[in-house]
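To start, the structure itself, in structure tokens.
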């Protein structure tokens, strides 16, 4: 199998997406995010009477949300229309509580409504991994580990990660990107048993990036490319769901060692919150632990048997 991204169908009618190299519209993002969060709640979910059998809009009305948040309807309407200048943190907190936002969604709302000025690095600049961190990743020779940065870019990895996911060194740098690989490569669709969950996670991470860096031309170009080539990406992107990298369990079906159930942990770098080290591991004594041991004995040389994507 080949993990190089392929071509898919063009954007369907009525699905407007950012054009490559064009900044993402922060005001439109704020408007759509609030609208989609409001639409997922029903009056009975938040203790309000559901007056009327026929509601023109799904979920809460603006006036109902404003009532819950303790702000005027006019004020909330301006905010949802993307005109959130000088909105206070207290008001955003109240709206987040009313909408029952997760911590990640609350942070995303704040990024959109009160954008910070990023002075350290230009938005489109390439990321670099410290030499000492690369060395640390290499020393983890019994478990797959890699470093991921903004835009879901894969920045560094060890031998076990290459054995599990395919040797990313074989790809051009611009293709070493989790979102591109997951949505455009059939091999990764086969690798993850629950591909839908993996895809949703990746889009959620990209949405968080877009909230922090709407002026990043490389991120906008990535979103534009995936929107053109993947119907699944378009659907997930339109949902405006956001997610922070954390921990969890992934089930994989590896072409060499079969099924694996692996836990993963995410470690954000203290000196660069835009880079994270991801480490996968198996429960000691489990079949997955034995499969990892076998995979370690093969390593990236398994490609020569024609049984790993490359």
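Derivation of every value follows stated rules applied to the coordinates shown; laboratory data play no part. All values derive from a computational prediction rather than experimental measurement. As a convention, Cβ positions derive from the backbone with ideal geometry for all residues, glycine included, and neighbour counts pool all protein chains shown.
Structure summary
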read-out	value
Region 219-283: C-alpha gyration tensor shape, a/c 1.5 cut-off, then a/b vs b/c	oblate
Over region 128-203, equivalent-ellipsoid semi-axes from the Cα gyration tensor in Å	21, 14, 11
Separation between Cα centres of region 163-239 and region 129-153, rounded to whole Å	19
Spin-label model distance (nm) - residue 293 vs residue 77, 7 Å beyond Cα toward Cβ	6.8
Globularity ratio of region 104-261, using Cα Rg and 2.2 N^0.38 Å	1.07
